[in-house]
1. Test each condition in (1) more than 21 Å from E174 (Cβ to Cβ); (2) over 19 Å from the mean Cα position of the chain (by Cα); (3) not β-branched (V, I, T) for R69 and report the one that comes out false.
2. Under 8 Å between Cβ atoms, which residue pairs at least 6 apart in sequence (or on different chains) link something in the stretch 170-187 that is polar (S, T, N, Q) with a partner that is at pLDDT below 95 and surrounded by fewer than 20 Cβ atoms within 10 Å (Cβ to Cβ)?
3. Which of the residues that make up the stretch 69-97 are part of a loop (DSSP other than H, G, I, E, B), under 27 Å from Q127 (Cβ atoms) and touching a residue at least 60 places away in the same chain (Cβ under 8 Å)?
4. Under 6 Å between Cβ atoms, at least 6 apart or on separate chains: pull out the pairs that start in the stretch 111-131 with a residue that is closer than 14 Å to A60 by Cβ and end on any residue that is modelled with pLDDT of 95 or more and surrounded by fewer than 19 Cβ atoms within 10 Å (Cβ to Cβ).
5. Report yes if V100 is within 14 Å of V165 (Cα to Cα) and in contact with a Ser or Thr (Cβ under 7 Å, 6 or more places away or on another chain), otherwise no.
6. Which one is surrounded by the fewest Cβ atoms within 10 Å (Cβ to Cβ), of the residues in the stretch 152-183 that are at pLDDT below 85 and in contact with a strand residue (DSSP E or B) (Cβ under 7 Å, 6 or more places away or on another chain)?
7. In the set N50, N40, which member is more than 17 Å from S200 (Cβ to Cβ), surrounded by fewer than 16 Cβ atoms within 10 Å (Cβ to Cβ) and over 13 Å from the mean Cα position of the chain (by Cα)?
Amino acid sequence: MAAELNITSWCNACLTLIPPKDGKVLSYNAKEGKFLPTSNLDEDYVSLTNGQFQVFGSFAYMNAMVVDRLEPTFVPAPFAGFFCDESLRRPRNTIDIVVVRPPRSPKVFTEIQNGNEETNMRKEYAQDVLSTLIFEGMYSHGAHLNYTYKPDGHVELHGDGRYVVEYFRVGAYEWIAASDDAQARTLCVDGTIEDVDKVSAHAKEKENICIWS
């Protein structure tokens with residue numbers, strides 16, 4: 001499985017979130033159980049003109065979805081399909097983006113500030129967070145959206161810490177890989193692997209998703 005092979009890989013990139021026409025970039029709020037307009041009030045997002053936001057890595061996981069699952073029981077984007085409450089269901093002119101950024105972890109953030117060695121940091125994050133998030137949460141009907149960080153860097157369901165997963169709803173997005181990061185240039189589209197520096201994609205209500213690089 002690709003997740004097992006890449007579980008210790010982090011990517012450095014810039015993700016630009018672009019709102020749908022006549023709409024806003026939305027973020028799923030697990031505590032309230034609904035989508036809300038994205039805000040940088042308590043986040044490190046960079047607010048741009050026209051309602052756009054930029055999100056910077058490191059990224060341990062980034063997936064842009066127009067369906068909810070990649071396997072019968074592997075469901076990264078539970079609101080992108082039909083098996084969810086209609087009020088949460090992805091409109092056809094949008095894309096759901098699932099993101100995991102390790103620096104949101106209090107443990108990782110402190111280790112980065114202290115200049116700790118990154119190889120061990122990645123291994124510990126894979127053990128403490130990603131193994132639970134991916135191999136349990138994403139196989140449990142979207143339970144991964146409810147995981148929060150504990151002060152020691154481990155995760156728990158519905159805790160008081162920051163949510164591990166950032167779940168966005170956009171009309172389009174742009175991914176620009178860091179020039180020195182080969183892993184961030186790896187793009188998988190329906191099983192086809194490509195090497196690209198930049199990816200842009202947008203949703204059209206009556207057509208397919210358009211992707212170009």
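1. R69 satisfies every listed condition except (2).
2. Within 8 Å, the pairs are S179/D197; Q183/N6; Q183/S9; T186/I193; T186/E194; T186/D195.
3. Result: T73, V75, P76, A77, P78.
4. D128/H154
5. No; evaluated as a whole, the condition is false for this residue.
6. Restricting to residues being at pLDDT below 85 and in contact with a strand residue (DSSP E or B) (Cβ under 7 Å, 6 or more places away or on another chain), the top hit is Q183.
7. Within the list N50, N40, the selection yields N40.
The values are calculated or read from the model by the stated rules, or taken from the named source; none is laboratory data. What you see is a predicted model; the values in this text were computed from it and never measured. All Cβ positions, glycine included, derive from the backbone under ideal geometry; neighbour counts span all protein chains shown.
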